[in-house]
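**Q** Here it is, the structure, as structure tokens.
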């Protein structure tokens, strides 16, 4: 019991500033929603389609850079400053490469959007926002790599300030670009880009002044990160693609459903920051313990994280059920959208219990460099279970947007159960460091 308490305390101490920092970042998307809502349903729907699909790229990029952060945590746990500096510099190079590939591929996908059977009036105005968000993937990649560095060296409050600075810059610039200069959708994308650039500038200045950027870029290290991140990135892309497909399917029900989807995504992402922060924190703590040779401790920390994350999501679900109508009417531009948002919020909140479980389990396994099995599990649960059930419920059985969310949630719960069992039964002797 004492060990459980100590692990929960260590997890909370690291996760709280990570959560606050990640929440500040996710609030950037919520700011977009709030600032675009007065422009009407169509700009909000265009933002919803973009943010729904860009999740594929965000997920893949995060998968790659998460293994860079595990390497950072191992170097810090081994108290190897020279290696830590080398990991930081090589990691930023890998992040730039990953972000550049992501930006180019997202820009190319724009020309395929007409084939996705989305509302024509939405596709007519989506271009500026789409390309702006695509370009922002480059600073996004380095931004989150450096935030992960602060977490790995047990300075998460610095990472929080990185997120706060980004949000502080985003709010006034969004208003300026969207409403004062009348840039509309492009103004929202430009505000996001400037926000990431500001946070990135602060992080680089902090690291440079403390001599963390004195390491060299080592090609073999960059190649190692890409190799380690490939299975994790594929798994995250699978989840992001499944979620993006649900967003596309929402568009098949019209602009109202797409606008409601954007509101729920923005609101739900804020709640999800706690499980995501726990996932990041547990991967760091497990990586540090593996670096110190404490294999059993790494496994127990992973299980502790699952319990903490699940408890949080159960609490949030209860609160959302009680306040869904109030939330919907304050975030929605029309009564029609608000009515759909109110009911979908409840389904989304229940679904996120499963998401919280699988997120924490993935973080624990990732911190122990267990990546191939979790990737296979998540791809199967999302692609072979969640999406097919969503299509059957949404279209074949006529449950509409509600059926889409319920089906996707089934895949999340299944993945969470299987991955938690992996943490529970996996022998400690199978653990390894990221460089093995």
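All of the numbers you see were taken from the coordinates with simple rules; none came from a lab. Keep in mind that what you see is a predicted model, and the values were worked out from it rather than measured. Neighbour counts run over all protein chains shown; Cβ positions are idealised from the backbone, glycine included.
**Q** I need the calculated FRET efficiency for the pair residue 124 and residue 326, taking r as the beta carbon distance and R₀ as 41 Å, to the nearest 0.05.
**A** After rounding to 0.05, the efficiency reads 0.75.
**Q** Next up: Cα atoms only, the stretch 277-339: Rg and Dmax in Å?
**A** Looking at the stretch 277-339, its Cα Rg and Dmax stand at 18.9, 57 Å.
**Q** Once both labels are modelled 7 Å past Cα along the beta-carbon direction, what's the residue 79-residue 218 spacing in nm?
**A** Going from the residue 79 label point to the residue 218 one covers 2.1 nm.
**Q** How much length, in nm to one decimal, is gained on full extension between residue 181 and residue 211, taken as 0.36 nm per residue of separation minus their Cα-Cα distance? Could the numbers behind the result be given before it?
**A** Values: separation 30, 0.36 × 30 = 10.80 nm, distance 4.07 nm.
Once the chain is fully extended between residue 181 and residue 211, it gains 6.7 nm.
**Q** Students often check this: by mean Cβ neighbours within 10 Å, which of 335-345, 106-116 ranks highest, and how do the rest follow?
**A** Working: 335-345: 19.2, 106-116: 13.0.
Highest to lowest by the protection proxy: 335-345, 106-116.
**Q** To continue, here is another question. Going by average Cβ neighbours within 10 Å, how do the peptides 60-68, 235-243 rank, with the highest at the top? Present the calculation step by step, with values, prior to reporting the outcome.
**A** Details: 60-68: 27.6, 235-243: 23.8.
Ranking, from highest mean packing down: 60-68, 235-243.
**Q** Would you please give the FRET efficiency between residue 4 and residue 425, computed as 1/(1 + (r/R0)^6) with r the Cβ-Cβ distance and R0 = 25 Å, to the nearest 0.05? Present the calculation step by step, with values, prior to reporting the outcome.
**A** Values: r = 19 Å, r/R0 = 0.75.
Here the calculated transfer efficiency is 0.85.
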